[in-house]
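Beneath this line is the structure, given in structure tokens, with notes to follow.
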Amino acid sequence: MIIRIIFSIVLAALLPTSGRAQTAPAATAPAWTVPDPDTLPDDAFGRTVRRGRDLIVKTSSLIGPDAPDPAMRYGGNGLDCRSCHLQAGTQRFGLPLAGVWGVFPTYIARENEVRTLEERINGCMERSMNGRALPVGGDEMKAMLSYINFISGSERVGKSLDGRGAPPLPLPEKAGDPMHGRQVFTNTCAACHGADGQGQRLETAEAKETGRRYRFPPLWGPDSYNDGAGMARGITAAQFVHANMPFGTTYESPTLSAADAFDVVAYISEQPRPHKSDLEADFPDRSRKPVDAAYPPFIGPFPPEQHRLGPWPPIQAWMKANGAQARSAD
């Protein structure tokens with residue numbers, strides 16, 4: 001069941017950025033109440049907010065490959081935004097969209113610049129959804145922003161809600177084990193995502209009724225996220241898996257051990273997925289490139305496999321000691 005609603009839209013995830021969005025759970029977390037769009041009146045704002053929710057939940061049929069109008073097919077795979085942002089972006093530590101409104105604009109290392117929320121959403125469209133950017137001033141972007149604004153109602157500007165991102169995990173001192181990860185996948189994940197990782201595709205009638213392509217989404221292959229998405233990174237994906245998978249798991253009571261989460265992600269990372277072009281342009285300041293970004297250029301004396309599978313602490317230590325050298329590397 002791992003990633004019953006897939007793990008980014010990327011993107012990442014969502015919308016975590018190079019670790020900034022990962023918030024450790026408080027020992028006793030305060031109650032988290034997210035406003036309900038259905039309580040809004042049937043006016044222009046209420047309809048726009050609910051349209052934004054629909055775009056998160058039914059992405060594949062509204063702005064994805066199943067949209068009736070070919071011009072509206074911005075998403076390039078069968079995923080929905082809720083595949084990564086659980087419960088339509090309202091689940092604590094399920095990469096929620098609730099709680100991101102007030103922290104944008106913000107610096108994002110991947111572009112090495114301050115970015116708006118619109119730009120961050122389009123990063124997900126291009127990576128987690130393996131598609132193309134939405135028009136920044138278009139109705140769909142306005143609806144998504146209105147929804148995120150509404151469900152973020154209880155946060156303060158400049159301060160994330162407790163529960164944003166996914167909880168951090170202590171990094172293993174050894175590399176992830178894809179062979180053991182395959183066993184974990186077979187025992188825990190294949191029931192929902194299939195032995196081949198291609199998910200459970202809905203029959204035509206149910207897909208039309210629900211506005212979704214998959215009951216449980218694919219974790220690799222042509223209909224999944226590409227290799228530039230946040231969920232293609234080992235640390236990011238393992239944190240999400242540990243806190244949320246199998247579906248119904250909560251961060252307070254994880255089902256998988258941390259070791260199993262890292263191993264199953266190691267197995268998933270070996271599988272084929274779409275390639276995003278121009279990844280070499282990511283992280284212009286190489287000293288800010290995440291140690292688990294598994295695509296070149298690689299900084300430091302470590303093989304590509306170590307960036308993908310770990311162990312990551314030695315890379316972190318080298319980056320800390322050689323930041324200036326990494327920053328100036330081509």
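The values are calculated or read from the model by the stated rules, or taken from the named source; none is laboratory data. Bear in mind the structure is a predicted one, so any value in this text is a computation, not a measurement. Using ideal geometry, Cβ is built from the backbone for each residue, glycine included, and neighbour counts are taken over all protein chains shown. Protein only, heavy atoms only, side chains kept; ligands, DNA and RNA dropped before computing areas. Shrake-Rupley method; radii C 1.70, N 1.55, O 1.52, S 1.80 Å.
Among the residues of the stretch 256-271, write down those that are in a helix (DSSP H, G or I) and open to solvent by 20 Å² or more (accessible area, probe 1.4 Å).
Step one: list which residues in the stretch 256-271 are in a helix (DSSP H, G or I), which gives 258-269.
Within the stretch 256-271, A258, A259, D260, Y267, S269 qualify.
Restricted to the stretch 68-99, and to residues there that are charged (D, E, K, R), in a loop (DSSP other than H, G, I, E, B) and at pLDDT 95 or above, the residue that is farthest from N149 (Cα to Cα) is D69. Of the helices (runs of 4 or more DSSP H) entirely within the stretch 190-255, those holding at least 2 residues that are open to solvent by 50 Å² or more (accessible area, probe 1.4 Å) and not β-branched (V, I, T) occupy 204-210.
Would you be able to tell me the number of residues in the stretch 174-185 that are open to solvent by less than 90 Å² (accessible area, probe 1.4 Å) and part of a helix (DSSP H, G or I)? Residues meeting the conditions: 5.
Residues that are closer than 20 Å to P296 by Cβ and charged (D, E, K, R) within the stretch 239-280 comprise E270, R273, K276, D278, E280, listed in sequence order. Looking across the stretch 131-182, just one residue is modelled with pLDDT of 95 or more, of a type in the set (D, E) and in contact with a Pro (Cβ under 9 Å, 6 or more places away or on another chain), and that is E173.
Looking at the structure I just gave you, is P135 open to solvent by 40 Å² or more (accessible area, probe 1.4 Å) and closer than 30 Å to A281 by Cα? Write out each step before concluding.
Details: open to solvent by 40 Å² or more (accessible area, probe 1.4 Å): yes; closer than 30 Å to A281 by Cα: yes.
For P135, the condition - open to solvent by 40 Å² or more (accessible area, probe 1.4 Å) and closer than 30 Å to A281 by Cα - is met.
For first residues located in the stretch 32-47 and of a type outside the set (F, W, Y), partners that are open to solvent by 70 Å² or more (accessible area, probe 1.4 Å) and part of a helix (DSSP H, G or I) and lie 6+ apart or on another chain with Cβ distances below 9 Å form the pairs V34/Q87; L40/R47; G46/D38; G46/T39.
Filtered by the rule that a residue be among the small types (G, A, S) and not in a helix (DSSP H, G or I), the stretch 301-329 gives G310, S328, A329. In this structure, does R288 turn out to be within 20 Å of the chain's Cα centre (by Cα), farther than 19 Å from E173 by Cβ and of a type in the set (K, R)? The answer is yes for R288. Scanning the stretch 301-330 for residues that are touching an Asp or Glu at 6+ places or on another chain (Cβ under 6 Å) and open to solvent by 40 Å² or more (accessible area, probe 1.4 Å) gives a single hit, R327.
The number of residues in the stretch 29-81 being surrounded by 17 or more Cβ atoms within 10 Å (Cβ to Cβ) and not charged (D, E, K, R) comes to 23.
In the stretch 272-300, which residues are of a type in the set (G, A, S), exposed (fewer than 15 other Cβ atoms within 10 Å of the Cβ) and in a loop (DSSP other than H, G, I, E, B)? Matches in the stretch 272-300: S277 only. Is it the case that the stretch 100-110 has a residue that's out of contact with any His (no Cβ under 9 Å at 6 or more places or on another chain), open to solvent by 40 Å² or more (accessible area, probe 1.4 Å) and part of a loop (DSSP other than H, G, I, E, B)? Yes - at least one qualifying residue is present in the stretch 100-110. On the given criteria, is L169 open to solvent by less than 30 Å² (accessible area, probe 1.4 Å), aliphatic (A, V, I, L, M), assigned to a loop (DSSP other than H, G, I, E, B) and in contact with a His (Cβ under 7 Å, 6 or more places away or on another chain)? Here the answer is yes, as L169 does meet what is asked.
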